[in-house]
Every structure is written in C-alpha cells, then in structure tokens.
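Scroll down for the structure; my scribbles are underneath it.
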Amino acid sequence: MTFRALVVEKDDDGTRASVQDMELDRLPEAEVTVAVEYSTVNYKDGLCIGPGGGLVRNYPHVPGIDFSGTVEASDDERYSPGDKVVLTGWRVGEAHWGGYSQKARVRADWLVPLPEGLTTRQAMAVGTAGFTSMLAVQALEDHGIKAGPVLVTGAAGGVGSVAVALLSAMGKEVAAVTGRPEQEGYLRGLGATRIVPRADLAETVKRPLESETWGGCVDAVGGAMLARVLGQMEYGASVAAVGLAGGANLPATVIPFLLRGVNLLGIDSVLQPYENRVRAWARIAELLPMEKLEDMVVPATLSDLPALGADILQGKVRGRVVVDVNA
Ligand code: NDP
C-alpha cells in the first residue's frame, strides 16, 4: 500500500522538495509505525525543506520535526494500534525521517500519549513551538517572575504567539515585540496588553543598563535584540532564551548579570525526558485557551510546504502552520 510524503532530494544542483508516493519498506527501522494526521511548520523545518542548514544528515530526507497521529503497529509494549500519540524533538525530521508523511516509523521513547483534552489537530496547533513556549514559561516560573510586564520577542511567530497566550492565561501583563505593525490586533487578541515595535529594540547596546522594565522575557529572536533586552530586565528577573530568528551572535556585556542579577535561561525542547514532556503537555492542555489556539492556526497541505518553508525563514509566517498530511 502506498502513501504520500514530502521528500527532499539533493544533487550537484542543490536540493529539491516534492510530494511523492512511497511504500512502507522505505521508512527507517524503529519500533512504532504511526498513521500521521497532522504536522507543523517550524523554523527548523524551513531549514530542512531547503538546503538543510547542517541539520539533515542523509538525503533523500522526509522533514517534519513534529507530528500527531494514531499508532498503526508497535513492537513496544507501551503502545498498541489505535493509541493516539504526539512527537516533538529527538532530531526527528532532521536526522530521522519525520512528520511530512502519511506514515512515520519512530522509537517508542520519542512518543508521548496524546494529552487528555487535546485533539490531534490541537496538539499540532501547539506543536514544537508551543511546547517550547511552555518550557520557557515554566523556566521563568521556576526562577520567579517579577512585577513588571513579561516581554515576548518574535511575538507574531509560532513560539511567540503561544507564549503570549499562555502568559496572558496565567494573568500576566504581556508586552509583545513585533516587526509587523499589522499584527497588533492579532497579538492583542491573544492577550498582549502592550505592543513594542521591533525597531525600539533593534539598536545595538549603547548603555549596558537601561530602566528596569521587564519582569521576565521569552525570547525567540536572540542576537542584538536579546543583548538589548538583558539591560532592561528588572533586578533578579529572567530571560528564557528559545531561539535565534534574529541572529546567533550576542553582542552583550556581563553588566546586567553582575549588577542586576539577571538570569539567562537556555531552553531546549529537543532532548526533554519523557516525564518533562508529559508534564508540559498536561499544563498546555489545562492552561491554553483553545479559541486563542484556533486564532493562531494557518491550515496547510503537503504540497504547500516548499513555499511555507521559505516563508518561515523570512519571518513571514504568522502563528502556527498546521499541516493536514491527508488533505
Ligand atoms: P517563527 O518564524 O514562527 O517566528 C519567529 C519570529 O521572530 C518572526 O515571526 C518575527 O516575529 C521574528 N523575527 C524574524 N526575523 C527577525 C529578525 N531578523 N529580527 C527580529 N525579529 C525577527 O519561528 P518560531 O517561532 O517557530 O521559532 C522561533 C525561534 O525559536 C527559531 O530560531 C527556532 O529555531 C527557535 N526554536 C527553538 C526551540 C528550542 O527547543 N530551543 C524550539 C522551537 C523553536 P515578528 O514578525 O512578530 O517580529
């Protein structure tokens, strides 16, 4: 029986992505075969649909760093046919074929049961970006969120959108940084109480300390913006650093750490132990308002992916792209 997948191939002229029919025996060896229902488009997917950016180990490759679906066959006693499951991380879609396919074969250790209260579609509307936002918010809570507003950078993107909605649902005042003024209504709808134009934080650090403004920060942008934000944190406040959409270099000084006791917390969603993944998903299901989640969704099919991969790398995607692999 054949099924469809987005396959990226590489030759001397570069990489090419196309939707192809394939057979089950082409899938990598692993314990659990999943009938995939939904996957999503994350920043890393944009890299893997294109030239790989050092993430893809072997071609041909099937990208898709997350998916939800139903177990079809399992050699592991933890999962049986018919179980609903979710996968994020573990370099699936990078080093191992991923979710841009109607079937996926993965290690049982990489899966979690579909969280109670979420459909497979809602779980992917959250996806890797939203799961990572929850980890970031938990890290801020663990270190204590201070009195001022919580800043979210890259707010109209996937990580940012979910972070705004989660923090707002927790009763926090949320300031959203965006380079897209036309997304103000969208961000206020998710719960942002203040919009900060990207340009306000774009200038590189001139003074290592500015007014103490933010009680916490979820940062999806990195680079010069993160360096600037560090000098604006309240005494003892924390920044959960999630991404580098604005660059990997950090042109900062040590002053905010020395004189303001600022914490810079690195967030990694890829290698989270099973218990942490289950705990974060349960909290998402409990906390995240589903009507706000629906506002974030951009629906897509497998054949839309080459264009969407390019869009996300240019910061053009709003919210969360949910790919119905059977559409
Ligand atoms: P998106 O592309 O959806 O969002 C990124 C947002 O950042 C954009 O929407 C834009 O927001 C802003 N942005 C883009 N380019 C720039 C720029 N040059 N300068 C300033 N702001 C910019 O990506 P995701 O939200 O999915 O991911 C964000 C980052 O987080 C990526 O680097 C990704 O790799 C990383 N990530 C890390 C994870 C981890 O485990 N640590 C897991 C998931 C993602 P706006 O238009 O509102 O300004």
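The values are calculated or read from the model by the stated rules, or taken from the named source; none is laboratory data. Source: prediction; values computed, not measured. For neighbour counting, all protein chains shown are included, and Cβ atoms are generated from backbone atoms with ideal geometry for every residue, glycine included. Heavy atoms of the whole protein, side chains included, go into the accessibility calculation; ligands, DNA and RNA do not. Shrake-Rupley method; radii C 1.70, N 1.55, O 1.52, S 1.80 Å.
Quick look at the numbers
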read-out: For the stretch 3-56 versus the stretch 95-159, the gap between their alpha-carbon centres in whole angstrom; value: 20 Å
read-out: Size of electric dipole in the stretch 17-69: Cβ of Lys, Arg +1 and of Asp, Glu -1, about Cα centre, debye, nearest 20; value: 320 debye
read-out: Within the chain: Cβ-based charge dipole about Cα centre, in debye rounded to nearest 20 (Lys, Arg +1; Asp, Glu -1); value: 940 debye
read-out: Radius of gyration, Dmax [the stretch 135-208; alpha carbons; angstrom]; value: 12.4, 35
read-out: Helical mean residue ellipticity (222 nm; -39500 (n - 2.57) per DSSP H run of 4+; nearest 500) of the chain; value: -8500 deg cm²/dmol
read-out: Rounded accessible area per residue of the chain, 1.4 Å, Å²; value: 41 Å²
read-out: Candidate lysines for bridging to Lys206, where Cα separation is under 28 Å - those fewer than 8 sequence places away on the same chain excluded; value: Lys146
read-out: Where only C-alpha atoms are counted, convex hull volume of the stretch 127-266 per residue in Å³; value: 91 Å³
read-out: Positive-pole candidate from Ala129, Met233, Ala35, dipole of the chain, charges at beta carbon; value: Met233
read-out: Accessible-area value, Arg91, 1.4 Å probe, nucleic acids and ligands omitted, Å²; value: 70 Å²
read-out: Extended-chain gain in nm, criterion 0.36 nm per residue less alpha-carbon gap, Gln314 and Thr2; value: 108.9 nm
read-out: Most fluctuating residue given options Ala307, Ala285, Ala35, as computed from a GNM of the chain linking Cα atoms under 10 Å; value: Ala307
read-out: Distance in nm between pseudo-label sites at Leu250 and Arg78 (7 Å out along the Cβ direction from Cα); value: 3.2 nm
read-out: Ser80, Ser68, reordered so the largest accessible area comes first (probe 1.4 Å); value: Ser80, Ser68
read-out: Average Cα contact separation per residue, the chain, under 8 Å, 6 or more apart, as relative contact order %; value: 20 percent
read-out: Overall Cα dimensions of the stretch 204-327 - principal axes, largest extent first, Å; value: 54, 33, 28
read-out: Approximate spin-label separation Arg194-Ser211, in nm, with each point projected 7 Å along Cα-to-Cβ; value: 0.8 nm
read-out: For the chain, Kirkwood radius (reciprocal of mean inverse C-alpha pair distance, Å); value: 20.0 Å
read-out: Debye, to nearest 20: dipole size of the stretch 127-266, +1 on Lys, Arg Cβ, -1 on Asp, Glu Cβ; value: 140 debye
read-out: Label-point separation in nm, Ala147 to Ala95, each point 7 Å along Cα→Cβ; value: 4.7 nm
